[in-house]
Amino acid sequence: MPSVARLAACFAIGAVAGTLLDGLHLLGDVLSYEHEAFGEWAWFVPLEFGLAGMAAGLAIPLIERVAGPDPPPHFSVAGRVQEAILFAALYGATALFDGDGAPWLLAGLTLLLVIRLWFWSVPGDWAYAVIAAVAGPAAEIAISATGAFDYAHPDFAGIPMWLPALWANGGLLIRRLLGPVVLPATEPQNLSPGGKKTRRSPVWWS
């Protein structure tokens, strides 16, 4: 189990990154909170994303043991920054094209995920994508059902159709941002999608 300090780091990363990304949805009128506390955010937003980061920190070691390579993969700082920029761009796209563009968002996010898992994945990425695609929207459905926030263009259960695909891509970001925080440090490895060592590693996770 990760130490308290490592879990606290996961909480802080989740709270900051999640709140900032959520701000893109607020700017794009993708969702709104019933009771705004600072800016357009509700008071619980940093807490919500912080707890999500902590939960991910607890889950990552187990997921790596079950589905990841041995030893766990190494993610460079450059690769992690690239991943964060990519996911922020995806978040921005959902803010720009929500509503009538929802089917295109669903198709685009799903296609990107499939391409990445097929050509540029680390062994075990599929597990993070699947878990995030289920757990993330389920949590949002539960919170939305309380009336705490509403999506502007929900398609089912109070959420837009593209949300599971966005969370699935987010699962790859979660692994790359929080994995190095809670897992033992390892030497850089170059792994092919099949788990064999290669000379060059894909840019997205090198």
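Throughout, read-outs are computed from the coordinates displayed, never taken from laboratory work. All values reported here derive from a predicted model rather than from experimental measurement. Cβ sites come from the backbone with ideal geometry, for glycine too, and all protein chains shown count toward neighbours.
Each Cα pair under 8 Å and six or more residues apart adds its separation to the average, and for region 4-182 the resulting relative contact order is 32 percent. Amide H contacts for residue 149 (H built 1.01 Å from N in the peptide plane; partners 5 or more residues away or on another chain; cut-off under 5 Å): 34.
Sorted by mean Cβ packing within 10 Å, highest first, what order do the peptides 161-167, 110-116 take? Before the final figure, lay out the partial values.
Details: 161-167: 22.1, 110-116: 15.0.
Those peptides, ordered most packed to least, come out 161-167, 110-116.
Taking GluC sites (Glu not before Pro) across region 1-61, the ones in a DSSP loop with at most 14 further Cβ atoms lying within 10 angstrom of their Cβ are 34, 36.
Per residue, the chain reaches -21500 deg cm²/dmol at 222 nm when only DSSP H runs of four or more residues are counted, each adding -39500 (n - 2.57).
Exposure proxy for 76, 3: other Cβ atoms within 10 Å of each Cβ, ordered fewest to most, give 3, 76. Selection among 95, 123, 144 by position relative to the dipole of the chain gives 123 as farthest towards the positive end (Cβ unit charges, Cα centre). Relative to the dominant Cα principal axis of the chain, helix 77-97 is inclined by about 30°.
The loop-placed chymotrypsin sites (Phe, Trp or Tyr not before Pro) in region 33-120, going by DSSP, that have at most 14 neighbouring Cβ atoms within 10 Å of their Cβ come out as 43. Placing +1 at every Lys and Arg Cβ and -1 at every Asp and Glu Cβ, with all other atoms neutral, what dipole size does region 3-141 have around its Cα centre, in debye to the nearest 20? For this selection, approximately 600 debye. Look at 35, 25 and count the other Cβ atoms within 10 Å of each Cβ; fewest to most, that gives 35, 25.
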